[in-house]
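Input: a single structure, listed below in structure tokens.
The values are calculated or read from the model by the stated rules, or taken from the named source; none is laboratory data. None of the values given here were measured: they were computed from a predicted structure. Cβ atoms come from the backbone with ideal geometry, glycine included; neighbour counts cover every protein chain shown. Each accessible area value is taken on the protein alone, full model and side chains, heavy atoms only, with ligands, DNA and RNA left out. Shrake-Rupley method; radii C 1.70, N 1.55, O 1.52, S 1.80 Å.
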Amino acid sequence: KLLGNTPASTEIKTEDFLQHDFGRLELTPLGLQPEIEKVIQQRLAEIKSCMNAKAWLSVIFLSGSTMEGLLLNAALKNPAKFNQAKSSPKDKEGKIRPFPDWALNELINVAHELGLIGLDVKKHGHALRDFRNYIHPYQQSSSGFYPDEYTGKIAWQVLQAVVAGLTEKR
């Protein structure tokens, strides 16, 4: 700005994010264990059913939990990279916590640090994580949050973007 240049915008436009077509979701490159792949496939089909039924809260919950499972799978497949990341979570003694103890927040941050997901996916992923926390009725009631189609479609798009990032289809 001081040099008279207009800085590149770092703002992520939700409309642009929603317009991106990730094509068919291919899980094979993720190297999921067969039983986990079956669960993920079942969840993807259920998300689509929920979208058709306009069950937006269900879309958010399923998309968020599926995203967490896919990011955990990436960590389990690449333990050295995930454990060596600067943003990997540590316990009180400064040791890296075991993967089952990582929160979704930490999985998102490390996946971004490692270049598996872009900045837009990181930011929208954190938003999805926040919305997924409305699984607790009192939290949802106290905030007055009632998801609509737009929120549900963002959740679905974030999940697709995570799959694309993990399969290098960005």
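Looking at region 156-169, is at least one residue in a helix (DSSP H, G or I), more than 15 Å from the chain's Cα centre (by Cα) and of a type outside the set (Lys, Arg)? So far as region 156-169 goes, no, none of its residues is in a helix (DSSP H, G or I), more than 15 Å from the chain's Cα centre (by Cα) and of a type outside the set (Lys, Arg).
Take the residues in region 146-155 that are open to solvent by 50 Å² or more (accessible area, probe 1.4 Å) and part of a helix (DSSP H, G or I); name whichever of them is farthest from Glu106 (Cα to Cα). Once the filter is applied, the top-ranked residue is Glu149. For region 93-111, does any single residue satisfy the condition of being touching a residue at least 40 places away in the same chain (Cβ under 8 Å) and open to solvent by 60 Å² or more (accessible area, probe 1.4 Å)? Checked region 93-111: no residue is touching a residue at least 40 places away in the same chain (Cβ under 8 Å) and open to solvent by 60 Å² or more (accessible area, probe 1.4 Å). Residues that are of a type in the set (Phe, Trp, Tyr) and open to solvent by 60 Å² or more (accessible area, probe 1.4 Å) were ranked within region 115-145; the one that is farthest from the chain's Cα centre (by Cα) is Tyr138.
Is it true that Phe22 is within 17 Å of the chain's Cα centre (by Cα), modelled with pLDDT of 95 or more and surrounded by 13 or more Cβ atoms within 10 Å (Cβ to Cβ)?
So Phe22 fails the test.
For region 50-86, what are the residues that are within 30 Å of Tyr150 (Cβ to Cβ), open to solvent by 70 Å² or more (accessible area, probe 1.4 Å) and of a type in the set (S, T, N, Q)? If the condition is that a residue be within 30 Å of Tyr150 (Cβ to Cβ), open to solvent by 70 Å² or more (accessible area, probe 1.4 Å) and of a type in the set (S, T, N, Q), then Asn52 is the only one that fits.
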